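Since the structure comes first, as structure tokens, the remarks are kept for the end.
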Amino acid sequence: MDKLVRAYVTWARVEQSLRERTVDTYRRDLEEFVAFCDCPLAEVDRRLARGWLAHLVERGDAPSTRHHKLSAVKSFFRFLVGEGLVTKNPVADLPFPKVRFREPAVLTEEQCRRLLATVREGNRSWLRQRDLAAIALMLGAGLRISEVVGLDLGDLNLESEPASALIERKGGDQQRLPLNAWVEELLCDYLAVRPEVETDALFVTTHRRRWGRTPLGLRVKRYLQRAGLPGSAHTLRHTFATLLLARGVPITYVQRALGHHSLKTTAIYLHLIPGELEKAVEALVF
């Protein structure tokens, strides 16, 4: 690994507290960029950087992929300039590729009920209760897959009113979220049949280890397909946000529930509620 990339990776991990998965993605993108340039980073100029972007286009990288890679390189050079390791930033004014907005798939209330019914018809062992509880946390609390499988038994407080869970958000932030009654009930049903294992992980596998992101995502996908529904595990989080907004919950509350740092990120769900903008405009009466 290039020593400057190594310095950046260490800074991103320690000073910025980025998640290990994010840091690894940045590292791979930067190593690829350095290999393409094939010269000291101090000698990289705007023309060479534009050639790298053109190479990504020719290779067939999607606009969203090129956007992420350029974001990593921009962050890298800001770090290098800030640390005095290079004197110029050749990518500072390079425009990001235009990424077409794609509205996330969401389920209707009837489809949510169909999904849960499909899970209940599945495996008759304790695994069914595990799957129901995990899906409930995504659909009824808006958790990401990583947040669900990252939960430990000690993160739950089902004795409080309301019940709550301590969630580790992106960047390592922790947030205690309230849980509604039906999510709490499904968690209690699962805990009553959860195998006695050494790990503190809330959700475990048949091998008595912590459940992983990929197996959970694939399992949710299979349930959705079995129910004849579109989307993936992330669809459940989108559905949670969209249904809250449709019920008139203030967007700032939804932002907090989702753990978004920026309100702009939460605002994408407004696109999924027909007439929302029209209603807001009509409400401006002076």
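The values are calculated or read from the model by the stated rules, or taken from the named source; none is laboratory data. What you are looking at is a predicted structure, and each value in this text was computed from that prediction instead of being measured. Counting neighbours? That spans all protein chains shown, and the Cβs are built from the backbone with ideal geometry, glycine included.
The residues on offer are Val149, Val119, Val91, Val73, and the sole one that is surrounded by 15 or more Cβ atoms within 10 Å (Cβ to Cβ), farther than 28 Å from Val57 by Cβ, more than 21 Å from the chain's Cα centre (by Cα) and modelled with pLDDT of 90 or more is Val119.
Note on the range 222-243: among residues that are over 11 Å from Gly142 (Cα atoms) and under 16 Å from the mean Cα position of the chain (by Cα), the one that is surrounded by the most Cβ atoms within 10 Å (Cβ to Cβ) is Gly231. Total residues in the range 154-165 satisfying the condition of being within 22 Å of the chain's Cα centre (by Cα) and over 19 Å from Tyr253 (Cβ atoms): the figure is 2. Looking across the range 24-61, just one residue is exposed (fewer than 13 other Cβ atoms within 10 Å of the Cβ), assigned to a loop (DSSP other than H, G, I, E, B) and of a type in the set (A, V, I, L, M, F, W, C), and that is Cys39.
Counting only helices (runs of 4 or more DSSP H) that sit wholly inside the range 100-202, those with at least 1 residues that are among the β-branched types (Val, Ile, Thr), touching a helix residue (DSSP H, G or I) at 6+ places or on another chain (Cβ under 6 Å) and farther than 27 Å from His261 by Cβ are 109-120, 181-193. Annotation note: Cβ proximity below 6 Å between a residue of the range 224-235 that is under 18 Å from Arg213 (Cα atoms) and a residue that is basic (Lys, Arg) (sequence gap 6+ or interchain) occurs for Ser232/Lys221.
Right, Leu258: more than 18 Å from the chain's Cα centre (by Cα), within 20 Å of Leu139 (Cβ to Cβ) and modelled with pLDDT of 70 or more or not? Against the criterion (more than 18 Å from the chain's Cα centre (by Cα), within 20 Å of Leu139 (Cβ to Cβ) and modelled with pLDDT of 70 or more), Leu258 does not qualify.
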